[in-house]
Amino acid sequence: MSFARQTKERLLEIDLKDCCGAAFCCGLLFSHAGRTKKSLLRTELPQLFGLLDRFYRQQTGEALPCLMPSEDKLPLIIAFKEPEEESRQAVLDLFGKWESKGGKVVPDPALLKKECCRRAFVRGLFVGCGMICDPEKEYHLELTFATPAQTEGVLAVLSRCKFSPKLTIRRGRYTLYFKESGQIEDFLAFIGDNNGMFELSNIRIYKDLRNAANRKTNCDMANLDRTVAVAARQVEDIRLIAERMGLDSLSDELKQTALLRLENSEMSLAQMSRELGIGRSGVNHRLKKLSELAESLRAKDKREGEA
Ligand SMILES: [Zn+2]
């Protein structure tokens with residue numbers, strides 16, 4: 001089951017207070033606002049039929065004038081009963097509480113007076129026309145509408161609820177979306193999906209830790225590369241000295257150090273310090289002396305080459 005579907009299933013388990021039912025249904029059907037549609041709803045969620053029917057009965061004492069969708073193919077289509085036009089009118093009279101005002105389609109303010117009802121309205125919107133990606137793959141939550149007037153109306157509601165989604169227009173559809181994990185977590189919490197919010201924040205924390213761990217590994221690798229490069233350079237220096245002067249020409253201390261490095265190019269400074277029975281700075285000092293000796297041999301070669 002997709003992450004979006006799971007999220008919606010959880011949202012539908014939330015018990016709606018009597019005052020919130022109308023706001024939820026209005027949000028759910030808001031994609032009808034200002035448009036005539038052939039069917040009441042296209043959805044993957046079979047439980048929506050029962051839910052709409054319940055609220056319809058509560059308000060009118062009658063059954064929802066729609067046909068129970070057949071569940072053998074998705075999306076489920078909840079169609080109006082014959083006569084269609086009459087049924088559509090009856091359902092939208094009850095649940096379609098919105099009006100056009102100054103280029104916006106706005107939900108009836110009476111529906112959104114209370115905070116709980118505003119949450120229910122936005123939850124209905126998300127169940128009706130929302131989508132969320134699996135946060136393991138991508139942080140993305142969106143609400144899609146067919147007209148700019150609907151989109152403006154929803155933007156006004158969302159901004160009242162302190163959300164400011166971005167807008168994109170794709171193939172004549174208007175999409176309000178969030179791309180940041182924090183905003184998506186806040187949105188899920190607002191519409192009542194605390195489980196989803198926690199799941200998302202756990203994934204975010206895990207991803208952050210993993211990124212930090214990767215950065216650290218990269219850093220360790222870089223250190224290791226540097227150590228190997230330095231040791232390789234030392235081996236090269238010692239070979240040059242051996243070739244040109246012979247290691248016997250060195251003091252015992254330097255000879256011992258040179259032989260140890262020559263035979264163990266991957267040995268760390270700490271290991272060499274243990275082997276030689278002197279401190280790390282002592283080892284460092286001796287290796288530095290060998291390097292300087294090699295450098296002086298190279299410089300001499302260069303002078304002679306130029307002369
Ligand atoms: Zn309410």
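For (1) over 20 Å from the mean Cα position of the chain (by Cα); (2) touching a residue at least 12 places away in the same chain (Cβ under 8 Å); (3) open to solvent by 40 Å² or more (accessible area, probe 1.4 Å); (4) within 30 Å of residue 284 (Cβ to Cβ), each residue gets a yes or a no:
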site	(1), (2), (3), (4)
198	no, no, yes, no
206	no, no, yes, no
235	yes, yes, no, yes
240	yes, yes, no, yes
249	yes, no, yes, yes
All conditions in (1) within 22 Å of residue 50 (Cβ to Cβ); (2) of a type in the set (A, V, I, L, M); (3) within 16 Å of the ligand (Cβ to nearest atom) are true of residue 92 except (3)
Of the residues in region 251-273, those that are more than 17 Å from residue 240 (Cβ to Cβ) and either more than 56 Å from the chain's Cα centre (by Cα) or at pLDDT 95 or above (or both) number 4
Selection count where residues are crowded, with 20+ Cβ neighbours inside 10 Å and of a type in the set (A, V, I, L, M), scope region 1-43: 9
Can you tell me how many residues in region 51-71 are open to solvent by 40 Å² or more (accessible area, probe 1.4 Å) and either of a type in the set (Asp, Glu) or within 17 Å of residue 20 (Cα to Cα) (or both)? 7
Test each condition in (1) more than 16 Å from the ligand (Cβ to nearest atom); (2) touching a Leu at 6+ places or on another chain (Cβ under 7 Å); (3) open to solvent by less than 40 Å² (accessible area, probe 1.4 Å) for residue 124 and report the one that comes out false. (1)
Checked region 14-33 for anything closer than 14 Å to residue 48 by Cβ, among the small types (Gly, Ala, Ser) and near the ligand (Cβ under 9 Å from one of its atoms); matches are 21
Look at residue 110 and say whether it is farther than 14 Å from residue 24 by Cβ and assigned to a helix (DSSP H, G or I). yes
Just wondering, is there one or more residues in region 133-148 that are surrounded by fewer than 17 Cβ atoms within 10 Å (Cβ to Cβ) and within 16 Å of the ligand (Cβ to nearest atom)? no
For residue 112, work out the one condition from (1) open to solvent by 30 Å² or more (accessible area, probe 1.4 Å); (2) within 16 Å of the ligand (Cβ to nearest atom) it doesn't fulfil. (1)
Can you pull out the residues in region 170-183 that are under 19 Å from residue 128 (Cα atoms) and either more than 21 Å from the chain's Cα centre (by Cα) or at pLDDT below 95 (or both)? 170, 172, 173, 174
Can you give me the number of residues within region 274-296 that are under 18 Å from residue 232 (Cα atoms) and open to solvent by less than 90 Å² (accessible area, probe 1.4 Å)? 9
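The values are calculated or read from the model by the stated rules, or taken from the named source; none is laboratory data. Values in this document were obtained by computation on a predicted structure and should not be read as measured data. All Cβ positions, even for glycine, are placed from backbone atoms using ideal geometry, and neighbour counts span all protein chains on display. Protein only, heavy atoms only, side chains kept; ligands, DNA and RNA dropped before computing areas. Shrake-Rupley method; radii C 1.70, N 1.55, O 1.52, S 1.80 Å.
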